[in-house]
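Notes follow once the structure below has been shown.
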Amino acid sequence: MNQYVEAFQDFNQHAESGWLKSQRIAAFARFEHLGFPLNGVEAWKYTNTKALAKRNFVLPHSVNLDAARKLLDEAGLELRAHQLVFVNGVYAPELSDLGNLPEALVVEPLSEALDKELELTCGMMGRLAGIDCDVFTALNFAFAGEGAVIRVGNNQVIEDPISLVHLSTEADQPTMSHPRILVAAGSNSQIKLVEHFLGEDTATHFTNRVAEIVLERNAQLAHYLLEVPGEQSWLIGRTHVEQKRDSRYICHHMNMGGKLVRDDLVCDLNGTGAESDFSGLLFGRNKHHLDIHSLVNHYAPQTFSRENYKAILNDKARGVFNGKVIVKKDSQQIVAEQSNANLLLSDQAEIDTKPELEIYADDVKCSHGATTGQLDETALFYLKSRGIDDQLARGLLTLAFANEVVDQLAIPEIYQQVETTVAGHLPHQVNLDDL
Amino acid sequence: MIEIKDLHAKVEGTEILKGLNLSINPGEVHAIMGPNGAGKSTLSAVLTGREGYEVTSGSVIFEGQNLLEMDVEERARAGLLLGFQYPVEIPGVKNVYLLKAALNAKRAAQGLPEIEAPAFMKLIREKIKFMKMDNSFLHRAVNEGFSGGEKKRNEILQMLVLEPKLALLDEIDSGLDIDAMKTVAEGVNSLRTADRSILMITHYQRLLDYIVPDVIHVLADGKIIKTGDKSLALELEEKGYDWLLEGAA
C-alpha cells in the first residue's frame, strides 16, 4: 500500500487548496482505512485483488503517442464520433476530435472542466459514487483529475456517438489511471456514449474508472462499454446511473477479456416509467478473470429492468455474474427480468453465477434464469460434414451463442468489431457485409 | 467412385456391419434398402466419419483415397456429402453463413479463391428457386423451426450448391408428404450427371418411384445379401424382406 501513499502525496501536494483537494485527502484516508478487499468480503468472494495491493503502479509521467496511435489504428474501430482519447489515463488532445460539437452538447476532458467550471464540475462529482461508496471509488476520488464531462441540453437528440477511448500502452513501470466520467443528460435528450478500453498486451496498467450518469426526465442513453484492456491489465469500473421519470438507460456491455476486469453497474430507477436494459457479453480466454456485479434499485413504482448476460469462457478463464435487484416496499407494478447463459469451451473454464433478488413489494413480476453448457456436438458434426473446418465450425457456433446479445449492438462498426473478436477473426470467410 | 471392401464396424461394442462390400461407379445411382436394424444408418455414419463408430476391419477407397483416414470435413471437401436423416437445428447460425463457409471450404481445398459475393448470391438464389424455397430461408437459422419437408429441402439445397461427387442420402424421404417428396426428388434428379454418383439409403420403395436407381442392394444383418436392378424394388414391395432373409440364413 505504501506505493499508493507515495503516489498520492506526489499527486496532491501541488494542488490548489479548496474543495477538491480536501475531498481527495478524505478519499485517500478512506481508501487507506478500507484497504483492498480480501476474499472474505462477499462482493469480492470470487475476485482476488491481492496483486493490485502488491504492485507498484505509478501515475504516468509521460505518454507514448506513437504507440497509442498505432494501437488505435490496429483496433480499426473507425467511428464518426465526438471523441476524447486518453493514454494511460492522460488526456491526449492530439488524438481527440471535438470538431463539429453541436451547441447544446458539452464534451470536455475533466482536467479542463476543473479549470474552467470548477464549481459546476465539482457539483457533479461524487454525488452518486462518492468517497463513502467503496474502496475503489475512494481511490478514484483521491486521484481525481482526469476523465470526461458530458452535458447534453434538454430536448437534444445527438446523432453521432460520444466516444471516450481509454488506451493503455507499455511504459517503463506499471501505470495506473483513475478516470472519472460525469454525464448529465437533459430532459428528452438522446445520446450514445461509447467507452472503449483498449490496451497493448505488453502493457501493465491498472484502470480504475468511475462513471456517474444522470438521466433527466425522458432522457435516453445508449451506453456502449467495450472492454479490451490487454492481457496484463486490470480494469475496475463502476457505473452509477440515476434515472428520473421515463428515462431509459441501455447498456451494451462487451467485456472481451483482460487479466482482471471487474464492473459494478448500478441503476437507480427513481422515477415512474424509468427503464434500464443491459445486454452483456463476457468473452474470456487464457487466464482472464471477468466479474460483473450489477445492481438495479427499483426505487419507484412502474419501473422496468432487463438484464441479459452471456459468458463464453475458454482455457482457464473465469467469469463471475452477480445480478442483484432490489424492489422497495412501495414500488408496485415492477417488471425485472434477468437471464444469464454461459458457454464453457474448456474443462478448466469456470463461471460463478448468482442472482440476488430482494423484493419488498407484492405486485411485481421478477424472473431470473441461469444456464451453463458446452458447444452442441451434433451441430458441430453437422457443420463439419459440410466441409467446414473444426475451428470455423466452433467459431460459428460460439458466435451463434453470443449473437443474442451481439445483435443488439446498433452501431455497425462496434457490431463488426465484437463479432470479429468473438469468432477469432473467423467471420472473414462468412462475412455478410457485402451481401 | 467408391469401393467398400469387407467393412466391419462396431457401435458400443456390438458389431453392426459384418463384411459389407459395395462398389459404385461414376454416374451411377445406387439404393440400399433393408429392414430396421440392418446397419443402414451405421453405414452412413461410418462413411461420413461420425464419432462413436469403430471400424474394426475392411477398407473404403473414395476417389483413390483412403476415406477412413480422413477427417469429417476432409471427406466433405473431397466430395462426399451426406444428406441427413435428421438435419440438425443450429440456432444463431444463418443458412447463408453455412452455405458460404461450406462452399469456400470446398473451393479452398480445390485451390480456388473465395467466391465473390455477387456470384455467390446469384448461385444461391437460383438454387433456392429451384427447390421452391423462399429467399428468407437464407437469413433464418439453419433448420431452426423448419418443418420436416423444409429440412429435407434444405439438405438438397446444400447439395445443389456444394455439388458433391458422391451424394449420400440417408432416409431422405422420411417425414415428407408427396409434394415435398416430388420437390426433393427433382432436386436429387438434377444432381444426376455422368460423373456424379448417388447412394440412397431408404426404408421404403416409394422414393424409388421418383428417383430411379441403376442398382439396388438389400442390406441385412450388416451385409449386402442381394443386388439387382430397379425391378428388385418392386419385388421387395410385393414380397417384403423375409424371403431374402430366409435365403440368406
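Numbers at a glance
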{"item": "In segment A:338-379, residue most open to solvent (accessible area, probe 1.4 Å) [restricted to those that are among the acidic types (Asp, Glu) and free of Cβ contacts under 8 Å to residues at least 60 places away in the same chain]", "result": "A:ASP347"}
{"item": "Whichever residue in segment A:11-51 is outside any loop (DSSP other than H, G, I, E, B), at pLDDT below 90 and more than 20 Å from A:ASP132 (Cβ to Cβ) and, among such residues, is most open to solvent (accessible area, probe 1.4 Å)", "result": "A:LYS50"}
{"item": "Among (1) in contact with a strand residue (DSSP E or B) (Cβ under 7 Å, 6 or more places away or on another chain); (2) away from every other protein chain (no Cβ under 11 Å); (3) open to solvent by 20 Å² or more (accessible area, probe 1.4 Å); (4) of a type outside the set (Asp, Glu) - the single one B:PHE62 does not satisfy", "result": "(3)"}
{"item": "Residue match in segment B:8-25 (condition: facing another protein chain (nearest Cβ under 9 Å), of a type in the set (D, E, K, R) and open to solvent by 60 Å² or more (accessible area, probe 1.4 Å))", "result": "no"}
{"item": "Qualifying residue in segment B:35-52 (condition: assigned to a strand (DSSP E or B) and in contact with a helix residue (DSSP H, G or I) (Cβ under 7 Å, 6 or more places away or on another chain))", "result": "no"}
{"item": "Number of the condition not met by A:HIS178 [criteria: (1) more than 21 Å from A:HIS289 (Cβ to Cβ); (2) over 12 Å from the mean Cα position of the chain (by Cα)]", "result": "(1)"}
{"item": "Positions within segment B:161-179 being away from every other protein chain (no Cβ under 13 Å) and open to solvent by 10 Å² or more (accessible area, probe 1.4 Å), in sequence order", "result": "B:GLU171, B:SER174, B:GLY175, B:LEU176, B:ASP177, B:ILE178, B:ASP179"}
{"item": "Candidate set: segment B:84-99, residues that are assigned to a loop (DSSP other than H, G, I, E, B) and of a type in the set (Phe, Trp, Tyr); chosen: the one nearest to the other protein chains (Cβ to nearest Cβ)", "result": "B:PHE84"}
{"item": "Subset of segment A:156-182 (residues that are farther than 29 Å from A:PRO102 by Cβ and in a strand (DSSP E or B))", "result": "A:SER168, A:THR175, A:MET176"}
{"item": "Checking B:PHE137 against (1) assigned to a helix (DSSP H, G or I); (2) facing another protein chain (nearest Cβ under 9 Å); (3) open to solvent by 10 Å² or more (accessible area, probe 1.4 Å), the condition it does not meet", "result": "(2)"}
{"item": "Residues of segment A:349-398 satisfying the condition of being at pLDDT 90 or above, in a loop (DSSP other than H, G, I, E, B) and more than 8 Å from every other protein chain (Cβ to nearest Cβ)", "result": "A:ALA349, A:TYR360, A:ALA361, A:ASP362, A:ASP363"}
{"item": "In segment A:308-337, residue modelled with the lowest pLDDT [restricted to those that are under 22 Å from the mean Cα position of the chain (by Cα) and open to solvent by 10 Å² or more (accessible area, probe 1.4 Å)]", "result": "A:ASN314"}
{"item": "Considering residues of segment A:52-78 that are assigned to a loop (DSSP other than H, G, I, E, B) and charged (D, E, K, R) only, the residue most open to solvent (accessible area, probe 1.4 Å)", "result": "A:GLU78"}
{"item": "Matching residues in segment A:160-210 - criterion: being open to solvent by 10 Å² or more (accessible area, probe 1.4 Å) and hydrophobic (A, V, I, L, M, F, W, C)", "result": "A:ALA171, A:ALA184, A:LEU198"}
{"item": "Yes/no for B:TYR204 being surrounded by 15 or more Cβ atoms within 10 Å (Cβ to Cβ), at negative phi and among the aromatic types (Phe, Trp, Tyr)", "result": "no"}
{"item": "Only one of B:LYS106, B:LYS129, B:LYS165 that is closer than 27 Å to A:ALA402 by Cβ and either in contact with a helix residue (DSSP H, G or I) (Cβ under 6 Å, 6 or more places away or on another chain) or at pLDDT 90 or above (or both)", "result": "B:LYS106"}
{"item": "Subset of segment B:65-83 [away from chain A (no Cβ under 12 Å) and not in a helix (DSSP H, G or I)]", "result": "B:GLN65, B:ASN66"}
{"item": "In segment A:237-286, residue farthest from A:GLU216 (Cα to Cα) [restricted to those that are assigned to a strand (DSSP E or B) and small (Gly, Ala, Ser)]", "result": "A:GLY284"}
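The values are calculated or read from the model by the stated rules, or taken from the named source; none is laboratory data. No experiment lies behind these values; they were computed from the predicted model shown. No Cβ is skipped: glycine too gets one built from the backbone with ideal geometry, and neighbour counts run over all protein chains shown. When the accessible area is computed, the model is the full protein with side chains, heavy atoms only, and any ligands, DNA or RNA have been set aside. Shrake-Rupley method; radii C 1.70, N 1.55, O 1.52, S 1.80 Å.
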